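> Before I ask anything, let me first share the structure, which is written out below as structure tokens.
Each value in this text was obtained by applying a stated rule to the coordinates, not by laboratory testing. Just so you know, these numbers come straight off a predicted model, no measurement behind them. Cβ placement follows ideal geometry from the backbone for every residue including glycine, while neighbour counts extend to all protein chains displayed.
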Amino acid sequence: MPFYQAMLDWNTTIDLSPNRFTSWACARWRASARRWIGLVAAAGFTGTRAEFQKSISTDPRFFYTRPEDMLAGYRDIAKRADAELPKFFAVLPRQTYGIRAMRPEEGNNAEHYTLRREPTAAVPATSRPTSTT
């Protein structure tokens with residue numbers, strides 16, 4: 001148990017024993033699962049969880065059809081996230097970021113890219129691959 005306590009102390013700011021932490025985490029997971037089930041039901045979906053996951057992964061309603069719409073959607077998400085950050089962090093980074101369209105030679109696989117730049121750079125962030133897969 002000392003190892004688990006050391007890992008909790010190192011990786012979290014929660015002052016709980018491993019057993020209490022596990023109970024707390026499981027309760028949070030169950031509450032989250034109940035909210036998720038409620039959202040699925042509110043959307044009118046009546047299939048299994050596996051069917052729902054397949055549906056949201058394949059149904060064209062959940063995908064952008066135009067690159068301009070995707071870019072606008074991602075920019076909107078970033079703006080809404082910016083407004084919420086002070087609720088979770090006392091000090092925010094001064095470095096700005098942006099969402100830009102990918103160049104044609106980068107392809108359309110945005111899920112493999114993140115915005116990165118060197119901390120001292122004075123130029124806008126650019127997208128670079130985070131993996132080779």
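> Based on the Kirkwood radius over alpha-carbon pairs, what value in µm²/s does the Stokes-Einstein equation return for the translational diffusion coefficient of the stretch 1-63 at 20 °C and 1.002 mPa s?
D, rounded to a whole number, is 148 µm²/s.
> Still on this structure, I have one more. Mind putting a number on the dipole of the stretch 1-63 about its Cα centre? Charges go on the C-beta only, +1 for Lys and Arg and -1 for Asp and Glu, and I need it in Debye to the nearest 20.
240
> Quote to one decimal, in nm, the extra length available between Tyr64 and Asp76 on full extension: 0.36 nm per residue of separation minus the C-alpha distance between them.
Length difference between fully extended and current span is 2.9 nm.
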